[in-house]
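Written out below as structure tokens is the structure these notes cover.
The values are calculated or read from the model by the stated rules, or taken from the named source; none is laboratory data. Computed from a prediction, not measured in an experiment: that's the story for all the values here. Positions of Cβ are backbone-derived with ideal geometry, glycine not excepted, and every protein chain shown enters the neighbour counts. For accessibility, only protein heavy atoms count, side chains too; no ligands or nucleic acids. Shrake-Rupley method; radii C 1.70, N 1.55, O 1.52, S 1.80 Å.
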Amino acid sequence: MTDLPVFTSEVAKAVLTDVLTALNTPENTKKLAEAKENSGNEMLKMMQFVFPIVVQIQMDVIKNYGFSEGREGTVQFVQLLRALEREDPEIAQLHSQVRSYFLPPVTISSSTEASL
């Protein structure tokens, strides 16, 4: 296991900002738009086509911050992020922006809850 980089709230915000910037490059915007189009609004297809693109972009960014490449680095990053999210609403908000690329917005209507 590799040594983890120092991961403060400031580093987390910088990483998430860089991930969002990378997601919004013209090349990645095009890739994501095509994957979303192929997925329709089906969650399973979103996870199959869109999620891997977002994860790859995120992996490319986090390696610049000392995380190992591949699954291990991504898991470490997300675990550290989740711990910081609980204490810092700005981190939670940035992470939710990243997740919005592969998770369709969830709307809960009161009529649905009443019928449960």
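Tabulated values for the structure
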item	result
Within the accessible area of segment 12-99 (1.4 Å probe), percent carbon and sulfur	53
Rg followed by Dmax, in Å, when segment 12-99 is reduced to its Cα trace	13.2, 37
Accessible surface, segment 12-99, averaged per residue in Å² (probe 1.4 Å)	57
Within-14-Å neighbourhood charge of Gln48 [Cβ basis; K, R +1; D, E -1]	-1
Charge dipole of segment 12-99 about the Cα centre (unit charges at C-beta), most positive-ward option of Leu80, Ile62, Met43	Met43
